[in-house]
Amino acid sequence: MELTFIVPVYNVETFLEECLDSIYRVKNIEYEVILVNDGSTDSSLEILKNYKKKYPKITKIIDKENGGLSSARNAGIRDAKGEYLSFIDSDDIIDSEGFEMFFKEGKKLDLDIMVGNMRYFSAGKIGEPLFRSQEIKEFTAGKGTKFFLTLFQGTKCFREEVVDDIYRRDFICENRLYFHDSLIHEDSYFTPMAYLKARRVKYIDIAFYYYRQRTGSIMSVVTEKSIGSLEKICFMLLNEYGKTDDYGREALSKLLPSFYKVVIYRYINNNKDYKEKLRNYRVIFRAVKGIKNRNYEEILVYIAPKISNLLRKVMGKDIGNTQKIPNF
């Protein structure tokens, strides 16, 4: 079997059919669909059962107690039979024809990770493909660490979402690249780790994934737990710094200060004592030799985070306590 779609489902009855219809429209690929009901309390499970009846040969339902997105994805990975894995969030949709083109192109290249692109959409409004640098578009299939570093050569080019990528299942399992149940921003750890381990990665310039923007989603709310999760991710990735190659270390030197400064900004904007967080930031910054990047904002955070935070507010780029829905 060529491909397994893994679809975690939790209380998304409003959007679920639109998502599943877009998946089952995919043609000319031998695939299965694993629908993981993660303890839904609405009609989501009944909707899944209807699709199981409609597509019995290619559909499997896993009905489990609520454990969160990571737990649901991992359950799908354990049951998957496809050579490749695609993770689809159950409130989003895919361009079925675009997905097929993307997959066929990536399969020819013998990749561990096929990296794609996405568009935001909401209430009938669809945005343009999200930015990818020319350097990434020209990157030939190669080592994941080199690809990882190349992502930082363009503005806002690094994206952690796994949903617009496809992964070789053996690569995931051999490297034990499962999603951490204790993390909220699980993709922020999974994606860097995948790049650090991958033998062959390439970006394929097809925006097949449509990422729904809505208030009330798990990604739209910033909580104490989500801030703590991001902090934990930084230290987990810092643990990989000495284990990777020069490309990987340079990529992490750019990523980790960028991640951890968000923790500091949110502590400041919550009027909380940020001194311990600043000490942690300085430990990370020194450990990854962040000064070499000559990123003036991150240097200013190291010296005077309140001034840096004020400058972001003046420029209208403050990092507050809600996840901003992008304009598109």
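The values are calculated or read from the model by the stated rules, or taken from the named source; none is laboratory data. None of these values were measured; they are calculated from a predicted model. All Cβ positions, even for glycine, are placed from backbone atoms using ideal geometry, and neighbour counts span all protein chains on display. Quick note on the areas: whole protein, heavy atoms, side chains included, nothing else; ligands and nucleic acids left out. Shrake-Rupley method; radii C 1.70, N 1.55, O 1.52, S 1.80 Å.
Accessible-area rank, largest first, for M114, M1: M1, M114, with all protein chains present and a 1.4 angstrom probe.
Across region 201-304, how large is the tail of the calculated P(r) beyond 20 Å, expressed as a percent of all Cα pairs? Value for region 201-304 (Cα pairs over 20 Å): 50 percent. Taking the DSSP bridge list for region 1-128 and keeping only pairs wholly inside it, about 10 percent are antiparallel. Beyond 29 Å, what share of the Cα-Cα pairs of the chain is found? Please give it as a whole percent. Across the chain, Cα pairs with separations above 29 Å total 39 percent. Under a model in which nothing but the beta-carbon of Lys, Arg (+1) and Asp, Glu (-1) is charged, region 183-272 shows a dipole of about 120 debye around its Cα centre. In terms of its C-alpha gyration tensor, region 30-87 has an oblate overall shape, because the principal axis ratio a/c (a ≥ b ≥ c, square roots of the eigenvalues) is not below 1.5 and a/b does not outweigh b/c. Look at the alpha carbon pairs under 8 Å that are at least 6 residues apart: their mean separation over the length of region 109-196 gives a relative contact order of 32 percent. Residue-normalised convex hull volume from the C-alpha trace of region 153-193: 92 Å³ per residue. Region 45-122 gives an Rg/Rh value of 0.97, both radii derived from C-alpha positions and Rh following Kirkwood. Taking all Cα pairs closer than 8 Å and separated by 6 or more residues, the relative contact order of the chain comes to 17 percent. So which GluC sites (Glu not before Pro) in region 1-110 end up in coil per DSSP with only 16 or fewer other C-beta atoms within 10 Å? Answer by residue number: E2, E13, E30, E65, E83. What share of the DSSP beta bridges in the chain is antiparallel, in percent to the nearest 5? The antiparallel proportion sits near 35 percent. The calculated FRET efficiency for the pair D273 and K49, based on their C-beta separation and a Förster distance of 35 Å, comes to about 0.10. In region 174-287, the portion of solvent-accessible area held by carbon and sulfur atoms comes to 47 percent [1.4 Å probe, whole percent, DNA, RNA and ligands not counted]. For the set D63, D89, the ranking by accessible area, highest first and with no ligand, DNA or RNA atoms included, is D63, D89 under a 1.4 Å probe. Overall dimensions of region 93-195, expressed as equivalent-ellipsoid semi-axes from the Cα gyration tensor (√(5λ), whole Å, largest first), are 21, 18, 16. With helices as the sole contributors, the chain gives -13000 deg cm²/dmol at 222 nm; each DSSP H run of n ≥ 4 counts as -39500 (n - 2.57), and the sum is divided by every residue.
Computed over every Cα-Cα pair of region 218-269 and binned at 10 Å starting from 0, the pair-distance distribution P(r) comes out as 23, 47, 24, 6 percent. The trypsin sites (Lys or Arg not before Pro) of region 137-197 that DSSP puts in a loop, and whose beta carbon has at most 12 other beta carbons within 10 Å, are K156, R176. Rounded to the nearest 20 debye, the dipole magnitude of the chain is 1260 debye, with +1 charges on Lys and Arg beta carbons, -1 on Asp and Glu beta carbons, and the Cα centre as origin. Under the combined filter of DSSP loop state and at most 12 neighbouring Cβ atoms within 10 Å, region 117-157 retains these chymotrypsin sites (Phe, Trp or Tyr not before Pro): F131. Looking at region 1-134, the pairs of alpha carbons with a distance over 21 Å make up 42% of the total.
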